[in-house]
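Please treat every number below as a calculation from the coordinates, not as lab data. Just so it is clear, the model here is predicted, and its values are computed rather than measured. Note: ideal-geometry Cβ built from the backbone for every residue, glycine included; neighbour counts use all protein chains shown.
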Amino acid sequence: MAEYVASIEWSRSDTEAFTDNRYSRAHTWRFDGGITVAASSSPHVVPLPYSVEANVDPEEAFVASLSSCHMLWFLYLAGNSKRVVDSYRDNALGVMAKNAQGKLAMTEVILRPEIKFSGNNQPDQSEIDALHHQAHEQCFIANSVKTEIKIEPQ
């Protein structure tokens with residue numbers, strides 16, 4: 001068993017009443033390695049100026065988490081199969097919509113990895129697809145959520 005810790009901090013400004021819902025949603029995420037991330041609600045959920053568009057929102061972090069987990073497993077599996085990966089880029093997309101119960105949820109995440117290989121052991125498309133399938137099956141985050149996750153290699 002492993003445990004993971006994140007510290008989330010928010011405080012109200014003296015000029016905000018709070019009970020009128022007109023307060024900043026800006027907050028910070030602190031992680032045990034020392035990184036601090038500026039966070040906020042999404043402007044799609046809470047309108048400006050009460051959210052901060054430049055900050056990371058939980059929905060973006062969810063998409064990034066799924067993409068990152070998939071990538072890390074893909075790299076590990078590619079290396080184990082003696083494939084040399086030079087670069088991996090993913091422009092992942094998360095879709096928020098009503099789920100089957102009528103609740104807003106991240107209903108779909110589409111991973112769109114672009115991968116460059118080098119060396120003599122170049123995988124063909126079926127081998128790349130198999131690596132993606134294995135990576136998806138191993139990803140801890142994907143195994144933890146109900147969201148449909150699609151992989152569309154570019």
If R0 is 25 Å, what FRET efficiency do you get for MET1 and LYS82 from their C-beta distance, rounded to 0.05?
0.20
Whole-Hz ³J(HN,Hα) for each residue in region 136-145, computed from phi via Karplus 6.51 cos²θ - 1.76 cosθ + 1.60 with θ = phi - 60°, x for glycine and proline: what do you get?
5, 5, 8, 4, 4, 5, 4, 6, 9, 10
Kindly state, to the nearest 0.05, the FRET efficiency for GLU127 paired with ALA64, given R0 = 41 Å and r defined as their beta-carbon distance.
0.95
Work out from phi, with θ = phi - 60° and the Karplus expression 6.51 cos²θ - 1.76 cosθ + 1.60, the ³J(HN,Hα) of each residue of region 96-111, listed in order in whole Hz, and give x for Gly and Pro.
9, 7, 6, 8, 4, 8, x, 9, 5, 7, 6, 8, 7, 10, 10, 8
Given 20-33, 55-68, the highest-first ranking by average Cβ count within 10 Å works out to 55-68, 20-33
Difference of contour (0.36 nm per residue) and Cα-Cα distance, LYS146 to LYS103
14.2 nm
For ASP86, what charge total do you get from the other residues with a beta carbon under 14 Å from its beta carbon, if Lys and Arg give +1 and Asp and Glu give -1?
+2
Can you give the relative contact order of the chain as a percent, counting alpha carbon pairs under 8 Å and 6+ residues apart?
17 percent
Quick one: if the Förster radius is 41 Å, what FRET efficiency do THR15 and ILE35 give, using the C-beta to C-beta distance and rounding to 0.05?
0.90
With everything on Cα atoms, drop me the angle between helix 58-80 and the longest principal axis of the chain, reported from 0 to 90° to the nearest 10.
20 degrees
Taking every pair of Cα atoms in region 58-151, average 1/r, invert it to obtain the Kirkwood radius, and report Rg/Rh to two decimals.
1.03
